[in-house]
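The values are calculated or read from the model by the stated rules, or taken from the named source; none is laboratory data. The shown structure was predicted, so the numbers you read here are calculated from the model rather than taken from an experiment. Cβ coordinates were reconstructed from backbone atoms using ideal geometry, including for glycine residues, and neighbour counts include every protein chain displayed.
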Amino acid sequence: MWIPLTLLCAATQATWMALSKLRLQTLGRIQFTVFLRVPIVFLMLPAYLAVRHPTVPRMFWLLLCAVSLLECGRMLSLATGLRKDYYATYALMNTAPLWVLLLAPSVLGERLTLPVLGGAAFVVSGGFVFYRTGRLIPAGLAAAVIEGLIAVLSKRAMALCATDVPFSAPVFFMFWMYLLATVLMSATEGVRAGVGPTLTDFRRALKPILPLSAFNVVAMFSYMAALHLAHASRFAILMRCNLVFGFVLSLTLLHEFAAWQWRLVGALLIVAGAALIVLA
């Protein structure tokens, strides 16, 4: 089940990112991220109230706080990298599976097989071909490392949830992680821009943001559910299919045809890496 959930996550993530290019062009990246996440918390609330809450140890809450802080750091690093070099940063983000592969054996006890290593090699090389860049952007690399840490620590936290109800652990963890990260980022944005202007901008942006938040809820639920079910190393590789879905949407929805040949080659390399994981 984790394979279709991962592909659903990749597709919905690519969709809301493509729609964001059409709907919101005036907000800064941090402000946009904060405004996107506030409705998500409320949209997640019914699912959180509906599931039976698992019994969790103290370590779960420590990991949850760590992941929430890392999520804030990932968004800040990503925003910084994108301002410096958009394409190089996204190419570096495609190295996230490498950091999962480095951490998963020791933290999660996962065994790395040849298909996993080959899939990672195809996916990472596909990302660099897709964006045709080899430039090192420290903030972009930091965002990729943090993304790998988030995946590994999130899976470790969900494994601590004592429950026999399917998907209650992902919903429980996802809600609290998003809530803590949103509170931290909202407080930071309020201090930076002022509470009054931030609330005014949020009310103005709420209507176009709501559909994006809805797509993001589906993306995050499928992300956590797939990660909970799968090996983190395999999940992290297959998840990079979001770049392939984004490529299709860039052609069909955004009509972005520049350098499409290179992006097609990069997308095919990523598909090859994903195929190794699925066939394995």
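Summary table below
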| quantity | calculated |
| --- | --- |
| Residues satisfying the stated conditions in region 157-178, i.e. in a helix (DSSP H, G or I) and surrounded by fewer than 18 Cβ atoms within 10 Å (Cβ to Cβ) | 159 |
| Members of region 48-68 that are hydrophobic (A, V, I, L, M, F, W, C), closer than 26 Å to residue 108 by Cα and assigned to a helix (DSSP H, G or I) | 59, 60, 61, 62, 63, 64, 65, 66, 67 |
| Pairs with Cβ under 7 Å, 6+ apart, first in region 142-160 and more than 20 Å from residue 171 (Cα to Cα), second of a type in the set (S, T, N, Q) | 142/77; 143/77; 144/95; 146/77 |
| Helices (runs of 4 or more DSSP H) within region 213-280 that include 3 or more residues at pLDDT below 90 | 242-252, 260-279 |
| Selected residue [under 17 Å from residue 118 (Cβ atoms), surrounded by 14 or more Cβ atoms within 10 Å (Cβ to Cβ) and in contact (Cβ under 8 Å) with a residue 24 or more places away in the chain] from 267, 272 | 272 |
| Unique match (being crowded, with 17+ Cβ neighbours inside 10 Å and modelled with pLDDT of 90 or more) among 16, 2 | 2 |
| Failed item, numbered, when residue 10 is tested on (1) over 13 Å from the mean Cα position of the chain (by Cα); (2) outside any loop (DSSP other than H, G, I, E, B); (3) not charged (D, E, K, R) | (1) |
| Scope region 129-168; condition within 19 Å of the chain's Cα centre (by Cα) and of a type in the set (Lys, Arg); matching residues | 155, 156 |
| Region 51-88, subset more than 21 Å from the chain's Cα centre (by Cα) and in contact (Cβ under 8 Å) with a residue 40 or more places away in the chain, residue farthest from residue 167 (Cα to Cα) | 59 |
| Residues located in region 228-262, provided they are among the aromatic types (Phe, Trp, Tyr) and under 13 Å from the mean Cα position of the chain (by Cα) | 235 |
| Which listed residue is out of contact with any Lys or Arg (no Cβ under 8 Å at 6 or more places or on another chain) and buried (at least 22 other Cβ atoms within 10 Å of the Cβ), from 77, 106 | 77 |
| First in region 31-43 and touching a residue at least 12 places away in the same chain (Cβ under 8 Å), second anywhere and charged (D, E, K, R), Cβ under 7 Å, 6 or more apart | 31/189; 31/201; 34/189 |
| Inter-residue pairs, beta-carbon under 9 Å, first of a type in the set (Asp, Glu) and in region 177-205, second surrounded by 12 or more Cβ atoms within 10 Å (Cβ to Cβ) and outside any helix (DSSP H, G or I), 6+ apart | 201/27 |
